[in-house]
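> First the structure, then my questions, so here it is.
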Amino acid sequence: MKKLIANYQGSLIAQIQLLDVENIQILADHLLDCCKQKKQVFICGNGGSAGNAIHLANDFLYGTDPSGLSSLNVEALPANSSILTCLGNDIGYDKIFSHQLKVKANSKDVLIVLSGSGNSENIVQALEQAKTIGMVSFAILGYSGGKAKLLSDYIIHNQINDMQISEDLQLIVGHMLMRFLYDNLY
């Protein structure tokens, strides 16, 4: 176990040091602008990334400004199981995020996709829908970055073939963003 822990720590630390600081700053600036301009932010992902999307939506809504006066207007698209199962059943799992964006999002809103592979069809279609609407899109990706790497306006990509480290990095970047927003809003 000690060797596993040391290897995991080493891998995570190395990947944190490789984070794309410039694109994290661009995302931070966009999120701050969303707070000031009352634009909405949507976050989506599958599996553990869906859990991270919900976690980060909570952090961005409450953790950035506990008073609620200048918090981020944020929604985690995988949070409502009734919507997900309805859309998955009626129009297909590949459209569970894109359809929600079609209904809820506006031009200049922000989409953040969280994905290990970047190839999930529902993530790809969400990014395509974001382009159609005129949203600004960001992707936090692992592995090769997949199709999402090509479709996103800005990418934060760590080329690591490890889903757990990829998902850890999603939360680490999200928590960095939360602290930036807290420092600039509250």
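The values are calculated or read from the model by the stated rules, or taken from the named source; none is laboratory data. Note that this is a predicted model, so its numbers are computed, not measured. Virtual Cβ from ideal backbone geometry, glycine too; neighbours counted across all protein chains shown. Side chains included, ligands, DNA and RNA excluded: accessible areas come from the protein's heavy atoms. Shrake-Rupley method; radii C 1.70, N 1.55, O 1.52, S 1.80 Å.
> How far apart, in nanometres, would the label points at Ala79 and Gln159 be if each is projected 7 angstrom from Cα along the Cα-to-Cβ direction?
Output for this residue pair reads 3.6 nm.
> What is the dipole size for the stretch 125-177, taken about its Cα centre, with +1 at each Lys and Arg Cβ and -1 at each Asp and Glu Cβ, in debye to the nearest 20? Let's see the in-between values first.
On the way: 3 positive and 5 negative charges, 41 e Å.
Here the stretch 125-177 has a charge dipole of around 200 debye.
> Past the 32 Å Cα-Cα mark, which pairs from Lys2/Lys95; Lys2/Lys147; Lys36/Lys149? Kindly include the intermediate steps, with their values, before the conclusion.
Numbers: Lys2/Lys95 43 Å; Lys2/Lys147 37 Å; Lys36/Lys149 28 Å.
Check vs 32 Å cut-off fails for Lys2/Lys95; Lys2/Lys147.
> For the chain, give the magnitude of the charge dipole about the Cα centre (Cβ charges: +1 Lys/Arg, -1 Asp/Glu; no others), in debye to the nearest 20.
Values: 13 positive and 17 negative charges, 19 e Å.
Roughly 100 debye for the chain.
> At a 1.4 Å probe radius, carbon and sulfur cover how many percent of the accessible area of the stretch 1-116?
Taking all protein chains in place, the stretch 1-116 shows 57 percent carbon and sulfur surface.
> Taking the simple approach of a point 7 Å from Cα along Cα-to-Cβ for both Tyr182 and Ile5, what is their distance in nm?
Taking the simple label geometry, Tyr182 and Ile5 are separated by 2.6 nm.
> Another question about this same structure. Whole number in Å², please: accessible area per residue of the chain, 1.4 Å probe, ligands, DNA and RNA not counted.
48 Å²
> Hey, another quick one. With θ set to phi - 60° and the Karplus curve 6.51 cos²θ - 1.76 cosθ + 1.60, what are the ³J(HN,Hα) couplings of the stretch 3-10 in order, to the nearest whole Hz, using x for Gly and Pro?
5, 4, 4, 4, 5, 5, 4, x
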